[in-house]
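Undergrad: Got a structure here, written out as structure tokens. Questions coming.
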Amino acid sequence: MMQDLAMHILDLGQNSIRANAKNIEICLWIDDEKDCITFRLVDDGIGMDEDMQKRVLDPFFSTRTTRKIGLGIPFIKELAELCNGSFLLQSEVGKGTTLEITLQKSCWDTPPLGDVGEAMMMLIQADGTIEYVLDYRHHGEFIMKTTEIKEILGDVNIQEPSILLWLKEYINENIK
Amino acid sequence: MKSLADLQKIREQAQKRVNMREVGNEDYRVVVGMGTCGIAAGARVVLNAFMEGVNHDHLNVIVTQTGCMGSCTLEPMVDIYDKEGRKTTYIKMDAEKVAQVVESHLKNGRTLEMYTVNQR
């Protein structure tokens, strides 16, 4: 099982990478008053037809050939149901996929956020050509865009270990 | 608190290091399995430990990721390729074992047989 939300972000982000996304946006909004955590992932990958959208909810389905089961989406769906939340999967072939879940913040089973900076670092490390946006809101707002980071970096690769490790700290310090 | 203004400094340091290194001619390529199974088994810690080890000692090593490696019960798994393309597969890794692999395999070229898939 995934111990925290950051692990889900990393896992589901990998799906978008495999779907040849060029842009991946991750929203993490925490609303104390509404007692609600919203997690949304939007990609512009190859998308899924209706049949596929149903099948990915089945733990015994996977597009991979190395194994026959795929647990990423069933895991997050189960989590949303367990935590008095909601689960929404929208997708269109050729356009991309949006996945949105909400969780009741104070629910016993709602996992901690985990290391969001690390999850983002690892997604960038997995594919540095993709443009990522992290939109984090809790009291204040923090937005990280890899397009901005790359502009500053110029000819230095965003996947340099020292850059990635700095990004992780940068994100984590700013979302505290 | 870190801000984008600090990134310029980090960039300059990184650039110096890149200039010293031969890109495309790394000593080793480390591939960490980051499928659902790998992540659930602790591959994040493993990938992080490799990146920190390589960064700390400025090793001429490239760290990459792949999906499920096909033996989910042996995760976290790591393949290390040398310049000739020879592969060593380490299984059931954790941060402690990674530190040893960095020291022995990546720095001194000695495979840590006890952690490889051959020892199963």
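Undergrad: Can you say whether A:Lys150 is of a type outside the set (A, V, I, L, M), in contact with a Phe, Trp or Tyr (Cβ under 9 Å, 6 or more places away or on another chain) and free of Cβ contacts under 8 Å to residues at least 24 places away in the same chain, as far as the supplied structure shows?
TA: no
Undergrad: Quick one: in the stretch A:1-31, which of the residues that are touching a strand residue (DSSP E or B) at 6+ places or on another chain (Cβ under 8 Å) and part of a loop (DSSP other than H, G, I, E, B) is farthest from A:Asp127 (Cα to Cα)?
TA: So the residue we want is A:Ala19.
Undergrad: Also: So which of A:Thr129, A:Thr63 is more than 26 Å from B:Cys72 (Cα to Cα), more than 16 Å from the chain's Cα centre (by Cα), surrounded by fewer than 17 Cβ atoms within 10 Å (Cβ to Cβ) and of a type in the set (Val, Ile, Thr)?
TA: Among A:Thr129, A:Thr63, only A:Thr129 is more than 26 Å from B:Cys72 (Cα to Cα), more than 16 Å from the chain's Cα centre (by Cα), surrounded by fewer than 17 Cβ atoms within 10 Å (Cβ to Cβ) and of a type in the set (Val, Ile, Thr).
Undergrad: In contact with a helix residue (DSSP H, G or I) (Cβ under 6 Å, 6 or more places away or on another chain), surrounded by fewer than 17 Cβ atoms within 10 Å (Cβ to Cβ) and at pLDDT below 95 - does that describe any residue in the stretch A:103-112?
TA: Yes, the conditions are met somewhere in the stretch A:103-112.
Undergrad: Going through A:Glu131, A:Glu151 one at a time, which residue ends up being among the charged types (D, E, K, R) and under 18 Å from A:Asp11 (Cα atoms)?
TA: A:Glu131
Undergrad: List the helices (runs of 4 or more DSSP H) inside the stretch A:60-176, counting only whole elements, that have at least 1 residues being at the interface with chain B (Cβ under 8 Å from one of its Cβ atoms), more than 26 Å from B:Phe50 (Cα to Cα) and among the charged types (D, E, K, R).
TA: Answer list for the stretch A:60-176: A:146-153.
Each row is one residue, and each column tells you yes or no for (1) more than 9 Å from chain A (Cβ to nearest Cβ); (2) free of Cβ contacts under 8 Å to residues at least 24 places away in the same chain.
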site	(1), (2)
B:Arg21	yes, no
B:Gly35	no, no
B:Val46	yes, no
B:Gly70	no, yes
B:Ile80	yes, no
B:Tyr90	yes, no
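The values are calculated or read from the model by the stated rules, or taken from the named source; none is laboratory data. Please read all numbers here as calculations on a predicted model, not as lab measurements. With ideal geometry, Cβ positions are generated from the backbone for all residues, glycine too; neighbour counts draw on all protein chains shown.
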